[in-house]
Every structure is written in structure tokens, then in C-alpha cells.
Amino acid sequence: LSSLSAGDSILAASADGTIGLDTVSSFSLADPSAKAAFLSLTTATATVTLTPTHKLPAGPAKALKQASEVAVGETIWLASPAADTLVQAPVLKITKVVADGLHSPLTMHGGWPVVDGVATSYNSAAVVARNKYLVPLVESVCPTLGRLVVAATNPKAMHYIDGEVVEPISSLVEVAAAVA
């Protein structure tokens, strides 16, 4: 994940379970130096390490759940490139780890990024479905405006994949008031 750049093609899955390629958006988040707590979910053939709040499809219906909501024995979805589809696999073990690097690839066309062989999602099903249309439009028209909108609505700094850090507008207003 740390080597991804905006515009890269990555393996991704769609909600219907088919897999293919999607494009990494410049709105993807990356903070390689951040230390964080993670959960490693292990199946018989794959292990994926996610923050507890990162989402992934789980169970027979592929409902998007936070990693912290997935239990041992529950199924998650693995990419089967030979079949061009996702297959279910039960989680055999969940381990807590602390490591460096926060990465959340946002795809241009609504695909669920496949990370270490496991389908993941950067947000809820509703947000991913909306972004399938919104992200390509904003990327082509004015990506800077898109980041400004995020800064106006998000209470924390956003570390984008290109290295830009955008502080929330509320904190910038506080700084301006303190300087004045």
C-alpha cells in the first residue's frame, strides 16, 4: 500500500463479487509515518491487517462491516483471480497489532480495493456507491475544490496519497483568529 500513487491501477471487487481493475484516486489517504493499532484477520489462505474501523465485506450478503465487528468463524471475501470473482473464507484468527502507516485507497469507480488478497472498502456502501459517480467528476473538474470541501466538513487533518496534508477549515479559522 505504501507504494501506491494516484492513477495506479489496482485489483478491486464490485458489490456483485466480480473482480477487475480500478484506479486509485487522488483523494486516497496515506500517512506512512503514523503509528496505529490494527487488527489482523487471518483465513486459511490470507491475512489482512486493517484499522478496527476500516470496512470490509463480510458474511454471505457481503455486508460492509468494520474490522472490529468481524468475529472468528465469520466469513470474509477473498479475491480469486483465476475465477474473476470473490470467494468466502472463514476468519480463523484475529490478532491485535501496532504498526506504522495508515493507508486507505479510494477507487475512482467504486471498486472495493483488494489488499493482501482480501476485499476491503474505504467507506460505507452508500458512500462508495455515490463516489462511483462523484469522484471521477470532481477529479476531472477541480480536485483542489474537492479537498477544500472535505476540509470544510471534516474535523481532522487529511493526509492525502500525494503527501499533501489539508487541515480542517475550522482549525485554520482558529489560527487566523489567534494571529489577528
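Please enumerate, by chain and number, the aspartates and glutamates with C-alpha under 18 Å from the C-alpha of Lys132, excluding those fewer than 8 residues away in the same chain. Cross-link targets: Asp8, Asp16, Asp22.
For segment 1-82, treating each Cα as an identical point scatterer without solvent, what Debye log10 I(q)/I(0) comes out at q = 0.11, 0.19 1/Å? At q = 0.11, 0.19 Å⁻¹ the computed log10 ratios are -0.34, -1.06.
Among the protein heavy atoms of the chain, carbon and sulfur supply 61% of the accessible surface, probe 1.4 Å, non-protein parts ignored.
What does a probe at Arg130 reach in segment 21-55, counting residues whose amide N is under 17 Å from the point 7 Å along Cα→Cβ? 27-28, by backbone N distance to the label point.
Note on Ala46 and Thr18: their simple-model spin labels are 1.9 nm apart, each label 7 Å out from Cα toward Cβ.
For His109, the amide hydrogen comes within under 5 Å of the amide hydrogens of Thr23, counting only partners 5 or more places away or on other chains and with H modelled in the peptide plane. Helix 143-153 and the longest principal axis of the C-alpha atoms of the chain enclose an angle of approximately 90°. Taking all protein chains into account, the per residue accessible area for segment 1-98 stands at 49 Å² (1.4 Å probe). With K and R counted +1 and D and E -1, the other residues having a Cβ less than 12 Å from that of Phe27 yield a net charge of -2. Roughly what angle does helix 125-141 make with the longest principal axis of the chain, taking Cα atoms, 0 to 90 degrees, to the nearest 10? Once rounded, one gets 50 degrees. Computed about the Cα centre, the dipole magnitude for the chain is approximately 420 debye when only Lys and Arg (+1) and Asp and Glu (-1) carry charge, each at its Cβ.
For the chain, the extents of the C-alpha atoms along the principal axes are 59, 34, 27 Å, listed from largest to smallest.
The values are calculated or read from the model by the stated rules, or taken from the named source; none is laboratory data. None of the values given here were measured: they were computed from a predicted structure. So basically every Cβ, Gly included, is an ideal-geometry build from the backbone, and we count neighbours across all protein chains shown. To get the accessible areas, we keep the full protein, side chains included, count just its heavy atoms, and leave off ligands, DNA and RNA. Shrake-Rupley method; radii C 1.70, N 1.55, O 1.52, S 1.80 Å.
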